[in-house]
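Colleague: Handing you this structure, nothing more for now.
The values are calculated or read from the model by the stated rules, or taken from the named source; none is laboratory data. Everything numeric here is computed off the predicted structure, so don't read it as measured data. Counting neighbours? That spans all protein chains shown, and the Cβs are built from the backbone with ideal geometry, glycine included. Side chains included, ligands, DNA and RNA excluded: accessible areas come from the protein's heavy atoms. Shrake-Rupley method; radii C 1.70, N 1.55, O 1.52, S 1.80 Å.
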Amino acid sequence: MRIKYDNENKLHRFGRYILISAVSLLVLLYVWWMVSIILGTPAIPAPPRVWDAFIHLLNHGDVVTGYSMWDHIVASLKRFAIAFVIAFAVAVPLGLLIGMSKTLDDFTRPILEVLRPIAPIAWAPVLVFAIDRTWGPILVVFIGIFFPLLTNTVFGVKKIESNLMDASRTLGANKAQTFYKVMFPCTVPYIMNGIKIGLGIGWMCIIAAEMVAPYGGGLGYFISMHAFNGSWPYVFVGIILISILGLLTIGLAERAHKIIAKRTGME
Amino acid sequence: MSGYIKIDNVRKVFRKDDRDTVAIENISLEIGKNELVSILGPSGCGKTTVLRMIAGLVEPSGGEILVDGNKVTGPGPDRGMVFQDFALFPWRSVWKNVEFGLEVAGMPKAQRDEKVERYLEIVGLTDFADARVHELSGGMKQRVGIARAMVNNPKVVLMDEPFGSLDAQTRNIMQAGLIKILDKTDQTIVFVTHSVDEAVFLSDRIVILTKRPATIKEIINIPWPRPRDRASPEFTALRKRILTELEKENVMN
Ligand SMILES: Nc1ncnc2c1ncn2[C@@H]1O[C@H](COP(=O)(O)OP(=O)(O)OP(=O)(O)O)[C@@H](O)[C@H]1O
Ligand SMILES: [Mg+2]
């Protein structure tokens, strides 16, 4: 029996998507497996061993660090969330101000240009030593999220149609009213874009930072402890968890962006 | 309510990259209360600039503009503006767009609601109060723009080619609608257009500008009552005469 593919049919489209995605992931799994066989190094274990490690971790927790798998996940997410909130609270208002004031823009530009190319993780040893093991990694993530969020907010302000500002002023709005009733809503789509990029970078930073400052749980900590012990299947469990959580966070931001775009009538 | 505009010897020079563009060269013009004056002129001659100067969005390089004896130094709700490209707030509903001016003026909610409702009814958009801007047609968008400017009850309404992007039929409907609104209000209207037909149909006076740098070429009085008959001989004759005048200012010559 043959079923003809119909692009208009939602079910068909969904089926096609699932099928192609599944094949794609199977290819990835296959390549991984092959590489592990060809190289024969314990550092790249075959998928079944990683699966066993995962099940063991679920049932018995992490014997090396004494935390459960969920503890590690929550620890990473908590740092990530705190960093995100701080980055948002600083980058968005600052970006709005820089976008509005040419002097502030010219003044902050050299500073930002000098700092921007530095990979956030380069700050990890400094920050962990200078501040502490709790706030050091959080600040690394903050730096990772801060720059894309700031850049996009500034860009958004500069993109505001001058006509909308003019309309607001001829309707009697004063500077402050024009700021929060027109400028801010205008930049929301750009801010959302900055958030999406920032979350991606921030998620990379948190893992790296936890590997530099292995303390208090977290997936980076988990990976670095197991790598140190040579328990490679656990390292791989950690890597896969990072991928899944990263997908979830960014998917969430993606979703929020869509909803906001729809509600604000601006795509 | 008044709305007496005095444009006194106004010049405007735009400076860009160390090059001066003289947009307006010494214009003087008085526009009376409750008058509808159209500004006609070749493309790029400075019509929008005149409106923006009255609005207070652009500062004259010389001379001054007075509204009811007060020098214009910045934008204010006493001078409403209807923009050629609508300039509606896309994150606000139709209702909230119209409400904007009342909201920033701090008017109590009940009063606001009553006013917005009345103006939406005047422009025939009551059923679209909750619609988003991007769901509207061009003509509907411009009606929102008009209601948004009018709801503030400004003394002066500045309209920059408000019907320029509409098809001929919608345009005629909008013109008729505008005349109806004018009957109910007593605002002074300055109306920029490219359409001679529209200017003759609507205006008490037509100001024809020369090509850049713009000066006043001619002012034509039209004392006929509205609504006017486009097919009447005097309408056609006047239209023809203005077209000939404008032809002489053609930038391509
Ligand atoms: N902000 C500005 N900076 C520099 N030059 C400007 C600015 N605004 C307008 N001009 C110039 O002033 C002149 C008049 O512009 P304006 O927009 O007032 O013309 P207009 O008559 O409205 O044209 P159109 O019929 O095409 O709408 C043009 O040469 C334009 O390039
Ligand atoms: Mg113009």
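Colleague: Using DSSP, restrict attention to beta bridges with both residues in the protein assembly as shown and report what percent are antiparallel, rounded to the nearest 5.
Modeller: 55
Colleague: What ³J(HN,Hα) values, in whole Hz, does the Karplus curve 6.51 cos²θ - 1.76 cosθ + 1.60 give for region B:87-102 when θ = phi - 60°, with x put for Gly and Pro?
Modeller: Values per residue, Gly and Pro as x: 6, 7, 8, x, 8, 10, 6, 3, 4, 5, 5, 5, 6, 3, x, 5 Hz.
Colleague: Classify region A:34-180 as rounded, prolate or oblate, taking a ≥ b ≥ c as the square roots of the eigenvalues of its Cα gyration tensor: rounded when a/c is under 1.5, otherwise prolate if a/b is larger than b/c and oblate if not.
Modeller: Because a/c hits 1.5 or more and a/b exceeds b/c, region A:34-180 counts as prolate.
Colleague: In degrees, nearest 10, range 0 to 90: what is the angle between the Cα axis of helix B:109-122 and the longest Cα principal axis of chain B?
Modeller: So the helix axis and the longest Cα principal axis differ by about 60 degrees.
Colleague: Hey, which aspartates and glutamates would be in cross-link range of residue B:217, C-alpha to C-alpha under 13 Å, not counting anything within fewer than 8 residues on its own chain?
Modeller: B:25, B:245, B:247, B:249
Colleague: Also, quick follow-up: Using a 1.4 Å probe and counting only protein heavy atoms, how much accessible surface gets buried when B and A come together, both sides summed, in Å² to the nearest 100?
Modeller: When B and A are taken together, about 1900 Å² of accessible area is lost.
Colleague: What percentages, rounded to whole numbers, describe P(r) for chain A computed over all alpha carbon pairs with 5 Å bin width beginning at zero?
Modeller: Per 5 Å bin, starting at 0, the Cα pair percentages come out as 1, 5, 10, 12, 13, 12, 12, 10, 9, 7, 5, 2, 1, 0, 0.
Colleague: Express in Å², to the nearest 10, the accessible area of residue A:19 obtained by rolling a 1.4 Å probe over the protein heavy atoms while all chains stay in place.
Modeller: My reading of the accessible area for residue A:19 is about 120 Å².
Colleague: So which aspartates and glutamates can residue A:158 reach, going by Cα to Cα under 12 Å and dropping same-chain residues fewer than 8 places off?
Modeller: By straight Cα distance, residue A:158 reaches A:105.
Colleague: Additional query: Expressed as a whole percent, how much of the Cα-Cα distance distribution for region B:88-153 exceeds 14 Å?
Modeller: On the way: 1018 of 2145 pairs.
Here the long-distance tail beyond 14 Å is 47 percent of all Cα pairs in region B:88-153.
Colleague: What do you get for the angle between helix A:47-60 and the principal long axis of chain A? Use alpha-carbon atoms, 0 to 90 degrees, nearest ten.
Modeller: For helix A:47-60, the angle is close to 80 degrees.
Colleague: Tell me whether region B:115-178 comes out rounded, prolate or oblate; compute the Cα gyration tensor, take square roots of the eigenvalues as a ≥ b ≥ c, and use a/c under 1.5 as the rounded threshold. Intermediate values should be presented prior to the final figure.
Modeller: Values: a/c = 1.68, a/b = 1.09, b/c = 1.54.
In terms of gyration-tensor shape, oblate.
Colleague: Please give, to one decimal in nm, the separation of the simple spin-label points placed at residue A:133 and residue A:39, each 7 Å out from Cα toward the Cβ.
Modeller: About 2.9 nm, to one decimal.
Colleague: Ok, one more. Angle, helix B:138-150 long axis vs. longest principal axis of chain B, Cα atoms, 0 to 90°, nearest 10?
Modeller: 90
Colleague: Which of rounded, prolate or oblate describes region A:1-40 when judged by the alpha-carbon gyration tensor and an a/c cut-off of 1.5?
Modeller: Numbers: a/c = 6.92, a/b = 3.42, b/c = 2.02.
Prolate, because a/c is 1.5 or more and a/b exceeds b/c.
Colleague: With label points built 7 Å along Cα→Cβ from the Cα atoms of residue A:22 and residue A:114, find their separation and express it in nm.
Modeller: Label-label distance for residue A:22 and residue A:114, simple model: 5.6 nm.
Colleague: Here's something else I'd like to know. Can you give me the solvent accessible area of residue B:195 with a 1.4 Å probe, rounded to the nearest 10 Å²?
Modeller: My reading of the accessible area for residue B:195 is about 30 Å².
Colleague: Could I ask something else about it? Taking every Cα atom in the protein assembly as shown, find the radius of gyration and the maximum pairwise distance Dmax, and write them in Å.
Modeller: 32.1, 100
Colleague: Summarise the accessible area of the protein assembly as shown (1.4 Å probe, protein heavy atoms) by the percent that is carbon and sulfur. Don't skip to the answer; put the middle values down first.
Modeller: On the way: 16140 of 26390 Å².
Result for the protein assembly as shown: 61 percent of the exposed heavy-atom area is carbon or sulfur.
Colleague: Rg and Dmax of region B:12-112, Cα atoms, in Å?
Modeller: 16.6, 52
Colleague: Can I ask one more? Under a straight-distance cross-link criterion of Cα-Cα below 20 Å, which lysines are reachable from residue B:33, leaving out those fewer than 8 residues away in the same chain?
Modeller: Cross-link targets: B:6, B:71, B:155, B:180, B:184.
Colleague: Can I ask one more? Partner chain Cβ atoms within 10 Å, averaged over the residues of B:82-92 - can you pull that number for me?
Modeller: 6
Colleague: Return the loop-located trypsin sites (Lys or Arg not before Pro) in region A:1-66 (DSSP other than H, G, I, E, B) with at most 13 other Cβ atoms within 10 Å of their own Cβ; answer none if there are none.
Modeller: Loop-located and lightly packed - A:2, A:4.
Colleague: Calculated from DSSP H runs of 4 or more alone, at -39500 (n - 2.57) each and per residue, what is the 222 nm mean residue ellipticity of chain A, nearest 500?
Modeller: -26500 deg cm²/dmol
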